Amino acid sequence: MTGASSGIGAATARALAAQGAAVALAARRLDRLEDLAGEIRESGGAALAIEADVTEFSAAEAVVQRTIAEYGTLDILVNNAGVLLLGPILDAPVEPGAVATELSSQNRLEILESIKQRFVDVERLQAVDIADAIVYIVTRPRHVAINEILIRSTEQEQ
Ligand SMILES: NC(=O)c1ccc[n+]([C@@H]2O[C@H](COP(=O)([O-])OP(=O)(O)OC[C@H]3O[C@@H](n4cnc5c(N)ncnc54)[C@H](OP(=O)(O)O)[C@@H]3O)[C@@H](O)[C@H]2O)c1
């Protein structure tokens, strides 16, 4: 799981671990990953924290190698970091609307203000709402491919 240190990625890692998956958590903030891995292990799950900037090929490759060394296999890759070695993800199967995560806080002040005004009367999605959909996708039988799910807050306009 890339981008597992916060928001949708952290919620998805928790949800997958709760379903019995052994999870490898990758992101740049190792302290966050270790806290989450500890939380998952305390709940009886299996989790491995791997510091990686997935824009670097060698780091992405090392994540895969460490995961396989630890668990013997890599069955599912959830790429949630929002970046790929070849550029941004354009055809992700899950298309979230506005989700209340740390992501919006990384915007410039004027963009933050515009987001605040746009969603002032909207109950935004939570990271767990998207995690639910990801768990659904990856737990379908092998012959079922979910290619697209659009999830918006009920009150969000187009
Ligand atoms: N929130 C929304 O409204 C919304 C809407 C549509 C789509 N999305 C997409 O959903 C995904 C998750 O976003 P979020 O809302 O959960 O935001 P978030 O809380 O900011 O999470 C982003 C995650 O990606 C990681 N990350 C970023 N760059 C990375 C890199 N170079 N290498 C490794 N990890 C990296 C971050 O960890 P570190 O900083 O520790 O590396 C963090 O764990 C993103 O792809 C985002 O574009 C979000």
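Close amide H pairs (under 5 Å, H built 1.01 Å from N) link Glu95 with Ile149, Leu150, Ile151, residues at least 5 positions away or on another chain. With R₀ fixed at 35 Å, the C-beta to C-beta distance from Glu42 to Tyr136 puts the FRET efficiency at about 0.85. A Förster radius of 30 Å, combined with the Cβ-Cβ distance separating Ala100 from Asp35, puts the computed FRET efficiency at roughly 0.90. Rounded to 0.05, the FRET efficiency of the Ser114 and Thr154 pair, given R0 = 30 Å and the Cβ-Cβ distance, is 0.90. The region of the chain that goes longest without hitting one of the trypsin sites (Lys or Arg not before Pro) in a DSSP loop, each with at most 11 other Cβ atoms within 10 Å, is 1-107. Applying the Kirkwood pairwise sum to the alpha-carbon positions of segment 60-132 produces a hydrodynamic radius of 15.2 angstrom. Converting phi to 3J(HN,Hα) with the Karplus coefficients 6.51, -1.76 and 1.60 and the offset θ = phi - 60°, segment 129-140 yields 5, 7, 4, 4, 5, 5, 4, 4, 4, 7, 9, 6 Hz in sequence order, with x at every glycine or proline. Karplus-based coupling profile of segment 94-101, in residue order and whole Hz: 10, 10, x, x, 7, 10, 6, 9, with θ = phi - 60° in 6.51 cos²θ - 1.76 cosθ + 1.60 and x standing for Gly or Pro.
Helix 57-71 and the longest principal axis of the Cα set of the chain meet at an angle near 60°.
Against the empirical curve 2.2 N^0.38 Å, the C-alpha radius of gyration of segment 7-151 lands at a ratio of 1.10. Close amide H pairs (under 5 Å, H built 1.01 Å from N) link Leu25 with Leu48, Ala49, Ile50, residues at least 5 positions away or on another chain.
Just so you know, all these numbers are worked out from the coordinates, no wet-lab data involved. Predicted, not measured: the structure shown is a model, and the values here were computed from it. Don't worry about glycine lacking a Cβ; one is built from the backbone with ideal geometry, like all the others, and counts go over all protein chains shown.
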